[in-house]
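Read-outs: derived from the displayed coordinates by stated rules, not from any lab. Source: prediction; values computed, not measured. Here the Cβ positions follow ideal geometry from the backbone for every residue, glycine too, while neighbour counts run over all protein chains shown.
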Amino acid sequence: MIDDFLIRAIMAGVIIALAAAPLGCLVVWRRMAYFGDATGHAALLGLALAMSFSMPLMLGVIVITAAMALTVTFATQRGTYAADTILGVFSHSALAVGLVAAAVLPGVRLNLLDTLLGNILTVSNTEIMWIGVGAAGILLVVKLFWRTLLNATLSSELLVAEGGSLLHDRLVFTLTLAFFVAMSMKLVGILLITAMLILPAAAAAPISRSPERMVVFTAIIGVLSVGGGIWLSWEADIQAGPAIIVTASFFFVLLNVFRR
Amino acid sequence: MIPLISINNLTIKKGQRTLLQDINFDLVPNEAVSLIGPNGAGKTTLIRALIGTLKPSSGTIRRKTGLKIGYTPQKLLLEQLMPMPVDRFLALSGESNLAKRRDMLARCDAGKLKNARMTDLSGGEMQRVLLARALMRKPDLLILDEPTQGLDQPGEARFYALLNEVRAESGLAVFMVSHDLHVVMAESDRVICLNTHICCSGAPETVSKDPSYQELFGTRPGLALYQHSHVHSETCNHD
């Protein structure tokens, strides 16, 4: 008989993997892995601030990650520094500031290891419900704006010339990513959120013939990684977050070897 | 006639540099206008302002309400990891009818490319696919940024024949950046010679006799060597 907490963990993981699929593909297509990092790392600061001011934790995380995502988006457009440099600066500063804030702010009690690497085995029914609502929201918004998102990925000039809105694209992309970070922290922790986004997508790329198929394959690989990772975590008594990413990287290698 | 786009005293600055200064012109339905000028003259800046990705520092760009623009960029920077078949790319213009997409692709001499991956196309094939996408929107105005690069001579001739055909059918206006002076003189109703400001503009035969044109491109249209001269004559002085 499988224990309840394993079923809950797998449910939460599968939902997160589904929401990660379109976002992960967009991050890979736009070469924005560092952007995912910067947004993810900001979550630690959000968490520390929310705890210190006795606010709902998820609210703190979403506000700070969204602020980070928007700041980075508009900072990279100014063009003083290369996008790569800006993202590196923000990503590492966010992590360091978060760690400092967690240490010095009064009233912050968090298990750093769980925050950084996730602890899906302790997910509660209420949390699963919120993860489900968040995932449904992300998938719905991405579906509504899918054509804009794809056109903006191809060429922002083509998008604007054809009457599309670059602002819609930026807002949808950054805000869905912020929500995704908030809901997937529990699964893989803030250090591995980018990995959860890009590994399944990168694994799916060589076997995909259209953007939509790549999203579907990414979802399948993500779900299999979550299942395999949680099983591995249970059997070998290791943290689930890293185990999930190890499984995803196994799929990445496998699909690239078979492709050749 | 109501202009499709009306540009008044358009100036665009980037930092200390003036990229475009006091640009004035209208584009009206069914005309073919070519934009020529040396490197760094602001041609791409002007195109970006027209399609709306660059905001004027001063001056105005008025578009007719409901104006539909078809645009072909010079090139697309495509990410290898994004699987994008040509037909899917065309559908992203908003045309959901497969038969219409196939017809347009065939018309643009690219029928056999419908299942090819965008990342595998040659420069000339890419231009044909971009044109198909631009035309599929049934635009009022087609903006082409060096559309014939990568096309061989027969390909280029067919490209212009198709443009003329579509213009005759739909009253479409064409605004095109080109380096090929010979073609510019043969295919345009109006030529705008740009070097930060508009040096001269008008019918091809008028422009080719203009001293500022001759300063930039030499005296024999179509045979002139391309010059990157930034020495300006009296008539082409913009500071």
Helix axis angle, B:98-107 relative to chain B longest principal axis, alpha carbon, degrees: 50
Student exercise, segment B:1-120 dipole from Lys, Arg, Asp, Glu Cβ charges, in Debye to nearest 20: 220
Gaussian network model of chain B, Cα within-10 Å springs - most flexible of B:T196, B:T18, B:T72: B:T18
Coordinate range along principal axes, alpha carbons of the protein assembly as shown, Å, largest first: 87, 50, 39
A:V97, A:V181 arranged by Cβ crowding within 10 Å, fewest neighbours leading: A:V97, A:V181
Highest-fluctuation residue, B:G40, B:G15, B:G123 considered, GNM on chain B with Cα pairs under 10 Å: B:G15
Globularity ratio of segment B:72-138, using Cα Rg and 2.2 N^0.38 Å: 0.99
Charge dipole (debye, nearest 20) of the protein assembly as shown; +1 at Cβ of Lys and Arg, -1 at Cβ of Asp and Glu: 500
DSSP H segments from chain A that extend 15 Å or more along their own axis, Cα-based, with Kyte-Doolittle mean of 0.0 or above: A:4-29, A:33-52, A:57-78, A:83-104, A:125-144, A:166-188, A:193-204, A:211-236, A:240-259
For B:D140, B:D210, B:D120, order by how many other beta-carbon atoms lie within 10 Å, fewest first: B:D120, B:D210, B:D140
Local electrostatic count at A:V133 - Lys and Arg +1, Asp and Glu -1, tallied over other residues with Cβ under 15 Å: 0
Size of charge dipole - segment A:4-259 - debye, nearest 20, with Cβ of Lys, Arg +1 and Asp, Glu -1, no other charges: 340
Karplus 3J(HN,Hα) series, Hz, for segment B:152-165 with 6.51 cos²θ - 1.76 cosθ + 1.60 (x for Gly, Pro): 6, 5, x, x, 5, 4, 5, 4, 6, 4, 5, 4, 5, 4
Binned Cα-Cα distances of chain B, short to long, each 5 Å bin given as a whole percent: 1, 6, 13, 17, 18, 16, 13, 9, 4, 1, 0, 0
Under 22 Å from the Cα of B:K68 - lysines, other chains or at least 8 residues apart: B:K43, B:K55, B:K100, B:K138
Amide H partners (placed H, <5 Å) of B:C108, local residues excluded: none
Pairwise FRET efficiency - A:F5 versus B:N115, Cβ, R0 = 56 Å, nearest 0.05: 0.70
Among B:Y160, B:Y71, B:Y213: highest mean-square fluctuation, GNM of chain B, C-alpha pairs under 10 Å: B:Y160
Viscosity 0.692 mPa s, 37 °C: Kirkwood-radius Stokes-Einstein D of segment A:4-259 over Cα pairs, µm²/s: 179
